[in-house]
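The values are calculated or read from the model by the stated rules, or taken from the named source; none is laboratory data. What you see is a predicted model, and the numbers here were worked out from it, not measured in a lab. With ideal geometry, Cβ positions are generated from the backbone for all residues, glycine too; neighbour counts draw on all protein chains shown. Please note that ligands, DNA and RNA were not included when accessible areas were found on the heavy atoms of the full protein model with its side chains. Shrake-Rupley method; radii C 1.70, N 1.55, O 1.52, S 1.80 Å.
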Amino acid sequence: MSNLQSIIKSFHLQDNLNPKVWYLPDEKYMGDPKGQNYKMRPLVRERLLEIANIFIEFLDVNVIINDITMTGSLANYNWSKYSDVDLHIMADFKQFSEEELPLYKELFTLKKTIFNEKHNITIFGYDVELYLQDSNEPHISTGVYSVLNDEWINKPKKENVEVDKVLIKNKSQQWMDIIDGVIENAEDESIDEAKNLIKKYRDKLKKYRTSGLEKGGEYSDENLVFKVLRRNGYIEKLINFTNKHIDKKLSLKEKMSNY
């Protein structure tokens with residue numbers, strides 16, 4: 001089975017939340033479709049709080065934190081072996097002035113990238129991905145858990161969802177071909193032109209996913225296609241190209257040493 005087929009095959013709903021992360025205090029509720037009684041396992045919660053605190057220290061910025069939440073497929077019924085632990089540090093960005101905010105956003109993005117690249121933290125085999133999120137920013141997810149307060153913010157519900165796997169495969173392949181073509185064209189461009197081209201298609205992908213989330217939620221075709229591209233490395237391929245291209249353009253090769 002190809003990697004693409006394996007990823008798409010993983011898009012199905014589980015009967016329960018992931019038992020490594022969640023438990024039901026009263027076993028008679030096992031399989032509860034509304035997720036009303038699931039609680040985060042104490043050891044998992046304790047470790048996530050430790051990880052969050054280390055990340056907050058790494059930010060090295062005087063920022064007031066409102067909450068620490070977990071979201072994504074591991075806080076829902078659509079978890080699989082491809083899932084990540086999406087740990088969000090919530091802060092009200094209104095605490096920064098309008099002049100400061102763009103700089104802080106850029107700093108937080110950079111810090112998140114560096115932290116995630118420097119650390120390989122897992123919870124029972126699932127990678128932990130950290131993100132500093134503006135608490136005013138809408139987050140479209142049917143499963144959001146406050147790790148800080150040990151309670152659900154949005155309780156997950158098991159929905160009746162049918163995924164058109166043929167459609168997802170075809171649309172994913174179309175985007176993969178587009179990304180391959182964009183990278184091939186960008187290789188011949190100057191640094192600035194290549195950066196603009198890559199940014200253009202990263203923005204297109206972001207809008208594509210956002211529109212799907214807004215109209216169809218987590219199980220929209222657009223969001224599932226985005227998950228395919230992220231899980232098979234195509235999002236990372238697009239993101240990493242810019243740095244590789246800059247390195248290539250700025251490097252001097254041995255045969256140029258006589259100039």
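When residues of segment 107-145 are filtered for being among the acidic types (D, E) and at pLDDT 90 or above, how many remain?
Our first condition is that a residue be among the acidic types (D, E); within segment 107-145, this holds for 117, 127, 129, 134, 137.
Subset that is at pLDDT 90 or above: 127, 129, 134.
Residues flagged as among the acidic types (D, E) and at pLDDT 90 or above within segment 107-145 amount to 3.
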>> Return the pair list, or none, for Cβ contacts closer than 6 Å from residues in segment 108-123 that are over 20 Å from D92 (Cα atoms) and of a type in the set (A, V, I, L, M) to residues that are in a strand (DSSP E or B) and at pLDDT below 90, at least 6 apart or on different chains.
In response: none
> Before we move on, is E222 open to solvent by 40 Å² or more (accessible area, probe 1.4 Å) and assigned to a helix (DSSP H, G or I)?
Replying inline: no
>> Cβ contacts < 8 Å: first residue on the phi > 0 side of the Ramachandran plot, restricted to segment 200-225; second residue of a type in the set (K, R) and surrounded by fewer than 17 Cβ atoms within 10 Å (Cβ to Cβ), any location; separation 6+ or different chain. Result?
In response: none
>> Any residue at all in segment 35-49 that's open to solvent by 20 Å² or more (accessible area, probe 1.4 Å), part of a loop (DSSP other than H, G, I, E, B) and modelled with pLDDT under 95?
In response: yes
> How many residues does segment 176-215 hold that are surrounded by 14 or more Cβ atoms within 10 Å (Cβ to Cβ) and of a type in the set (G, A, S)?
Replying inline: 3
> Listed residues F58, F96; which is at pLDDT below 95, farther than 22 Å from R231 by Cα, in contact with a helix residue (DSSP H, G or I) (Cβ under 7 Å, 6 or more places away or on another chain) and open to solvent by 40 Å² or more (accessible area, probe 1.4 Å)?
Replying inline: F58
>> Suppose we keep only residues that are in a loop (DSSP other than H, G, I, E, B) and in contact (Cβ under 8 Å) with a residue 24 or more places away in the chain within segment 61-75. Which one would you say is most open to solvent (accessible area, probe 1.4 Å)?
In response: I64
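In segment 76-97, which residue that is among the small types (G, A, S) and assigned to a loop (DSSP other than H, G, I, E, B) is farthest from W152 (Cα to Cα)?
Restricting attention to segment 76-97, the residues satisfying the condition of being among the small types (G, A, S) are 80, 83, 91, 97.
Those left that are additionally assigned to a loop (DSSP other than H, G, I, E, B): 80, 83, 97.
Details: S80: 21, S83: 19, S97: 31 Å.
The selected residue is S97.
Would you call L252 in a loop (DSSP other than H, G, I, E, B) and open to solvent by 20 Å² or more (accessible area, probe 1.4 Å)?
Numbers: in a loop (DSSP other than H, G, I, E, B): yes; open to solvent by 20 Å² or more (accessible area, probe 1.4 Å): yes.
In short, yes.
Residue by residue through segment 8-25, note down the ones that are more than 19 Å from F124 (Cβ to Cβ) and of a type in the set (V, I, T). Spell out how you get there, then give the answer.
Going through segment 8-25, the residues more than 19 Å from F124 (Cβ to Cβ) turn out to be 8-9, 11-13, 25.
If the condition is that a residue be more than 19 Å from F124 (Cβ to Cβ) and of a type in the set (V, I, T), then I8 is the only one that fits.
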